[in-house]
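Presented below is the structure to which this report refers.
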Amino acid sequence: MATPKAQAAYEEFFKTLGGKPVHHTLANHWARLVEMLYAAERTLELSKDPEIINPNVRTLPTEKPKEGIGIVEAPRGTLFHHYQSDERGVVTKANLIVATQNNAARMAMSVDKAARGLIKNGKADDGILNMVEMAFRAYDPCHGCATHALPGQVPILVRIYGKDGTVVQEIRRD
């Protein structure tokens with residue numbers, strides 16, 4: 001890490017979790033905190049830079065853009081944006097690939113593992129809902145925003161199937 005406090009936190013993270021690579025799903029939250037510490041330290045550094053008030057901080061376009069691509073790192077992961085516009089500058093095509101899509105397979109595997117670990121003899125209690133949510137929030141802390149399930153409570157349905165394929169139990173939070 002490029003700042004001293006973030007570097008110390010980074011070293012503590014790996015020392016505590018047994019070195020690189022870290023395979024603990026919930027360690028994603030701790031890693032995000034290290035990144036936030038770096039961002040806070042770096043923001044403070046930048047705020048003290050006299051160039052921060054330079055009036056030439058951006059270049060205004062001289063013609064209407066036809067296409068734009070952006071890639072941004074965010075708490076959920078990498079976001080890809082691709083836009084095309086017409087001669088008036090109106091967006092005619094937009095393609096977004098968000099971290100939820102990138103993380104979908106890994107989230108599904110973690111949810112499956114969490115659920116299977118809590119189902120005993122074909123039964124589970126309501127606690128399974130929190131553990132399933134914890135599993136996917138490690139990858140997508142703002143899943144409610146991504147799925148438009150606001151105000152922050154994600155509906156969850158767990159179905160437990162018997163060997164013959166019939167539903168033996170259903171636990172839900174609407």
TODO: Consider A115 carefully, then state whether it is part of a helix (DSSP H, G or I), within 20 Å of L157 (Cβ to Cβ) and touching a residue at least 40 places away in the same chain (Cβ under 8 Å).
DONE: yes
Open item on the list: Restricting to region 1-32, give me the number of residues that are surrounded by 13 or more Cβ atoms within 10 Å (Cβ to Cβ) and assigned to a helix (DSSP H, G or I).
Closed with: 14
TODO: Would you mind stating whether V72 is part of a strand (DSSP E or B), at pLDDT 85 or above, out of contact with any helix residue (DSSP H, G or I) (no Cβ under 9 Å at 6 or more places or on another chain) and under 28 Å from H23 (Cβ atoms)?
DONE: yes
- [ ] Within region 125-174, track down each residue that is in a loop (DSSP other than H, G, I, E, B), hydroxyl-bearing (S, T, Y) and at pLDDT 90 or above.
- [x] T166
Open item on the list: Checking R88 against (1) in contact (Cβ under 8 Å) with a residue 12 or more places away in the chain; (2) over 19 Å from R172 (Cα atoms); (3) out of contact with any helix residue (DSSP H, G or I) (no Cβ under 7 Å at 6 or more places or on another chain); (4) surrounded by 10 or more Cβ atoms within 10 Å (Cβ to Cβ): exactly one of these is not met. Which one?
Closed with: (4)
Task: E35 being in a strand (DSSP E or B), within 18 Å of the chain's Cα centre (by Cα) and not β-branched (V, I, T) - done: no
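Yes/no matrix, rows are residues, columns are (1) part of a strand (DSSP E or B); (2) in contact (Cβ under 8 Å) with a residue 12 or more places away in the chain; (3) closer than 24 Å to V34 by Cβ:
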| residue | (1), (2), (3) |
| --- | --- |
| N56 | no, no, no |
| P65 | no, yes, no |
| Q84 | yes, yes, no |
| N95 | yes, yes, no |
| Q101 | no, no, no |
| M107 | no, yes, yes |
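The values are calculated or read from the model by the stated rules, or taken from the named source; none is laboratory data. As the structure is a prediction and not an experimental result, all values here were calculated from the model. Heads up, the Cβs are rebuilt from the backbone with ideal geometry, glycines too, and the neighbour counts pull from every protein chain shown.
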